[in-house]
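Working notes for the structure below.
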Amino acid sequence: MEKTVVDVNTLSRSFDGMTALDTVSFRATAGQVHGLVGSNGAGKTTLLKHLLGLLRATTGSVRVFGLDPVRDPVGVLSRVGYLSEERELPEWMRVDELMRYTQAFHPTWDVSYERELLKTFALDPTKKVKELSKGMRAQAGLIAAVAHRPELLILDEPSSGLDAVVRRDILDAIVRAVADDGRTVIFSSHLLDEVERMSDHVTLMHQGRVALSGVLDDVRSGYQRSRVHFAQNFDQPPVLDTALAMEGGGRTWSVVHSGSLEQFRHSVVARGGEVVESRDATLEEIFLARAGRSGQQAEAA
Amino acid sequence: MTMRSPVVALLWEQWQLTRVEAAQRVGVSIVAASVALRLGEVGPTVAFGILMVLHSMFWLSISKLTGGRFLDGYKPGFPLQLLYTRPVPTVVFVGVAMAYDAISCVVLYLVSAALVGFAFDQPLPLFSVAGWIVTFHLVCTCLQWASRNRVVQWAGMIVTCLPLYLTLRNRVASPLHVEFSLAENVMLILIGVVSFAVAVAGVARQRHGGASVATPRTAGPVASPEWLVSLFSFSCPTSSATRALVWLELRSSGMPVLAIGLGLAMLIFMLFAIGIAIAPLRPYAVLSAVISVPAMLWLFGGNALGIRHKQGRSYFSSFEATQPYGTAQLTGLRILVRSACMLVALIAVGVSVWASSSLVNEWVPWLMNGKEVSPGVLRARNALVAEILEKPGYQHFARMVVVAIVVALIIASRATFTALRARHPRRVNIGVGSLLFYGLALVLLAQAEQHGIVSTLLFNQIQSATNWIVAAVLILATTYLVWRSLAERLLTPRQVLSVVVMSAAFGAACLTLMGLPSVRPEGFPTAIFLERLLAPALLALMLFVLASWSLNRIRHM
């Protein structure tokens, strides 16, 4: 049986009357790499902060390793590595001091791994945090988050500030290494190609709700992008079963739809058209269909 | 709201950022001045002094915009650097900011002084000091904004602000009356104009890259200059989280506080020693001895829990919040380390003042304006010697316990207030406002009772009720906090027990110092007796528990 690491149940949270999370349920098991995607203000960071106990669950429950992160912060945080979006680190510390300081909280700290990562990132340990660039801060923060080999690694926008090479080669390798050890990674990102590349599970958040969640391959195979040709012109997108987003005009439309292709094909034929071409939708297309403008257009239609 | 011009927009922005402080300032100054006016003959002078201090100094909201308060992550230089990219000439935004700062303080002073003076039928100087307040503010803001060099700022402060203060002091006549000569008024205007011009020139350099810019940044828990933090470099222990945290506290605030205390101690002694030969330095020496302890506590005793401020937002660093360490332990450790370092620093300053005061004998005769001055430092020293010889040993021990715990309580209360205000700003403001309002009502009632408007019986009943209310609030709040902390597993029973023991020790030490007979003279009301008996211990208990509770609230928002 899969070991549940994170279990969020009907979690809701508002800030000054604005709903940030709305009955969110979320589960992650050991060995998963879980990507959280969503537009700005979708609630990704709020959800991650609840997992760390930085926010108190007002409605619903949050359990990490079966513990409440607010009531038992030591029990949870000693097993978690976290890289914050703000990359907030004590500015007056040198990089080596930051590592030693973080090491003191984690008996499982792996000094050789820390040195290896410092070398990989070419970070000067004698430099002060305030002298580091944004990307270098992210790298220092990442080392501090992973060097104790945490059971759960939480990364909030890990790519922010990292260059393409570091992002693709090093970050991916770190995340993959954590997952291969049977540990769990949850990360949020705006970069959908990154989520597709790194994660095996994906959760799409939209306006504080979980729009969809599941194994990445299942999610992708559950959505298709089809090119549809109709016999007549349409000024407005035609109403089609399971269609989420439509682009185009006149007789030819490009449609992102869910469900089976057969069901969609029947719907198209009923409107006097045919499916010319069909393929699995990319995560970006699904995201735009579920959360973006196209989605809203489809809903309006 | 429609902004019809950049100036209106600038004024609106500054009003938004300073309005809460303005309201608090008026409230505090009215209550404090009202209390002072009840003192009797010296009341008006003391009230005037309080109003001047509250409205001419410590108006720091604008500098808070950098994300740092004075010596609390504060970066010198022009704080409103976001204005650099707006299509407004430097002279306009600097002028608006300086004018707002100076004029708002004058208005607040005038309102407070007029209200208090009217209520107590004791006219306080109004427009005669307005010009002085404006000039003082222009000089201060000029020094803070025109240069990013701290040495220039501090030297400038000493060179300009102290003479301004002495000028005012020399013009305060008895009965209370302040009047500047025409020449002095012209001089004040000239100083103001020069300050404005220098500020504009300094900010223009920063705006156009001629000088480094005070970029906004996150103000951390470091309550001291960064070079001082870097000065004490010793390795972080990795053997335990507690040791690492002690290292962090010592490096970031403890050692700098100690160093500043030692530096101040040496400076005081040097000023007294040089004062033997150079008589004009003597007022500075005495002033440094008098203000050193409160200044240390004020400047370096705040924000021990490390709440950060960034452009109007207050929060607890996620780096610190996600360290696997208990909130109560973290609170205790931070307050303990800061208190211990502060205590050692204060002892160093105290020893220095003690040693320096012996040099005062060498100053005699000390003539100022043709009159011989008898320094209060010498009288205080003699009084202290007499008391040390007179009191038994256990009283001295009790005094030491009280002083140590009072320092810890001051640091804990300030840290708690900062954390609570960061988490619940509106509620804290309402709470503080209500307390101020209640205090003011009591003072006014006392005044009315003195003039026979309110009967003595009614006034006594209200006083007695107030005592009962305070006692009840203290007991209920402490019980609730302890219960909640245990229920939320914030504190363990063992931690509660140690806090209770410490608070009881404090209460016992306070009672020892007060002496039991003076605590309850014959026929003394029970409520007040109970309050006196329990208040110190309960207050200490409540504050120590509240400190952990407040950090918990901001760590887990």
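The values are calculated or read from the model by the stated rules, or taken from the named source; none is laboratory data. Note that the coordinates shown come from a computational prediction; the quantities given were computed from them, not determined experimentally. Cβ sites come from the backbone with ideal geometry, for glycine too, and all protein chains shown count toward neighbours.
Descriptive notes on the structure:
- Boolean, A:Arg100 is more than 10 Å from chain B (Cβ to nearest Cβ), of a type outside the set (Asp, Glu) and either in a helix (DSSP H, G or I) or more than 21 Å from A:Leu36 (Cβ to Cβ) (or both): no
- Residues that are free of Cβ contacts under 8 Å to residues at least 40 places away in the same chain and in contact with a strand residue (DSSP E or B) (Cβ under 9 Å, 6 or more places away or on another chain) number at least 1 in the following helices (runs of 4 or more DSSP H) confined to segment B:250-338: B:318-321.
- Qualifying strands (runs of 3 or more DSSP E) (wholly inside segment A:12-82; at least 3 residues being in contact with a Ser or Thr (Cβ under 7 Å, 6 or more places away or on another chain)): A:18-29, A:33-38
- When the residues of segment B:507-557 are filtered to those that are in a loop (DSSP other than H, G, I, E, B) and at pLDDT below 70, the one that is farthest from B:Val403 (Cα to Cα) is B:Gly523.
- Yes/no for A:Ser84 being touching a His at 6+ places or on another chain (Cβ under 9 Å) and polar (S, T, N, Q): no
- Residue list for segment A:1-12, filter: surrounded by 14 or more Cβ atoms within 10 Å (Cβ to Cβ) and either touching a helix residue (DSSP H, G or I) at 6+ places or on another chain (Cβ under 6 Å) or aliphatic (A, V, I, L, M) (or both): A:Val5, A:Val6, A:Val8, A:Leu11
- Subset of segment A:31-44 (residues that are over 24 Å from A:Ala177 (Cα atoms) and either at pLDDT 90 or above or not polar (S, T, N, Q) (or both)): A:Gly38, A:Gly41, A:Ala42, A:Gly43
- When residues in segment A:84-94 are screened for being in a strand (DSSP E or B) and either surrounded by 23 or more Cβ atoms within 10 Å (Cβ to Cβ) or within 7 Å of chain B (Cβ to nearest Cβ) (or both), 0 of them pass.
- Unique residue being more than 30 Å from B:Arg19 (Cβ to Cβ) and within 29 Å of the chain's Cα centre (by Cα) when the list is B:His396, B:His424, B:His451: B:His396
- Sub-6 Å Cβ pairs linking a first residue in segment A:231-257 that is farther than 15 Å from A:Leu288 by Cβ to a second residue that is assigned to a loop (DSSP other than H, G, I, E, B), at least 6 apart or interchain, are A:Ala231/A:Gly272; A:Pro238/A:Arg271; A:Thr242/A:Gly259, ordered by first then second residue.
- Criterion: over 26 Å from A:Glu285 (Cβ atoms) and exposed (fewer than 15 other Cβ atoms within 10 Å of the Cβ) - qualifying residue of A:Asp163, A:Asp193, A:Asp200: A:Asp163
- Some residue of segment B:248-268 being over 24 Å from the mean Cα position of the chain (by Cα) and either at pLDDT 90 or above or away from chain A (no Cβ under 14 Å) (or both): yes
- Matching residues in segment B:376-398 - criterion: being part of a helix (DSSP H, G or I) and either in contact with an Asp or Glu (Cβ under 6 Å, 6 or more places away or on another chain) or of a type outside the set (A, V, I, L, M, F, W, C) (or both): B:Gly376, B:Arg379, B:Arg381, B:Asn382, B:Glu387, B:Glu390, B:Gly393, B:Tyr394, B:Gln395, B:His396
- Within segment A:66-82, residues that are at the interface with chain B (Cβ under 7 Å from one of its Cβ atoms) reach partners that are surrounded by 16 or more Cβ atoms within 10 Å (Cβ to Cβ) and acidic (Asp, Glu) with beta carbons closer than 9 Å, at six or more positions or on different chains, in the pairs A:Tyr82/A:Asp156.
- Verdict on A:Leu36 being crowded, with 24+ Cβ neighbours inside 10 Å, more than 8 Å from every other protein chain (Cβ to nearest Cβ) and among the aliphatic types (A, V, I, L, M): yes
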